[in-house]
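A short write-up of the structure that comes next.
Since every read-out is calculated from the coordinates, none of them should be taken as a lab result. Small disclaimer: the values here were computed from a predicted structure and weren't measured. Using ideal geometry, Cβ is built from the backbone for each residue, glycine included, and neighbour counts are taken over all protein chains shown.
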Amino acid sequence: MLRIMLVAGLLASPLFAVKTACAQEILSGSLIDALTTIEKPELGGVFTYVGEANAPRAFADLIARDAKAMKRYTTRLMSDRKIAGGLTAWDHEVCATLVTYYAGVAMPGIKRPDAKRLKALNDCVLAPVMDFQEIVSRRKK
């Protein structure tokens, strides 16, 4: 009887508690906008399991492996730079991650984009940082 109580007490302790994944409840506007741009909004659910700090790098990895998505995303970035005069901090981090990917040794599954896209990514890293709301409001004008 004592043994059963001891086992029950140990199992109830925090050492044996089931750890649940810390899911992100709200996605950033920049991420939602980016997923919509690459025409994959259904991936929003997957990104709820990626921490907010890691989302730009995860998104960069996603589009680095999908040429159509990369083209759509860089086209939108160039448009935002022209219309609004800058990009969000989130977009900066995505571009910086992509530039890092392409600067080093080729990674499996990641194909280098053409020179025009690489230049656009480099230019985006150097663009001024703006608020997401400001960029969206300037798009509509």
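Odds and ends about this structure:
- Distant-in-sequence amide contacts of M130, defined by a placed amide H-H separation under 5 Å and a gap of 5 or more residues or a different chain, comprise L87, T88, A89.
- Our coupling estimate for segment 118-128, obtained by passing each phi through the Karplus curve with A = 6.51, B = -1.76, C = 1.60 and θ = phi - 60°, is 4, 5, 4, 5, 4, 5, 5, 5, 8, 5, x Hz, Gly and Pro reported as x.
- Derived scalar couplings ³J(HN,Hα) [segment 57-68; Karplus, 6.51 cos²θ - 1.76 cosθ + 1.60; whole Hz; x for Gly, Pro]: 5, 5, 5, 4, 5, 4, 6, 5, 9, 9, 4, 5
- Based on the convex hull around the alpha carbon atoms, segment 27-139 presents an average projected area of 6.5 nm².
- For segment 27-139: relative contact order, % (alpha-carbon pairs under 8 angstrom, 6 or more apart): 31 percent
- Footprinting exposure proxy for Y101, Y49 (fewest neighbouring C-beta atoms within 10 Å first): Y49, Y101
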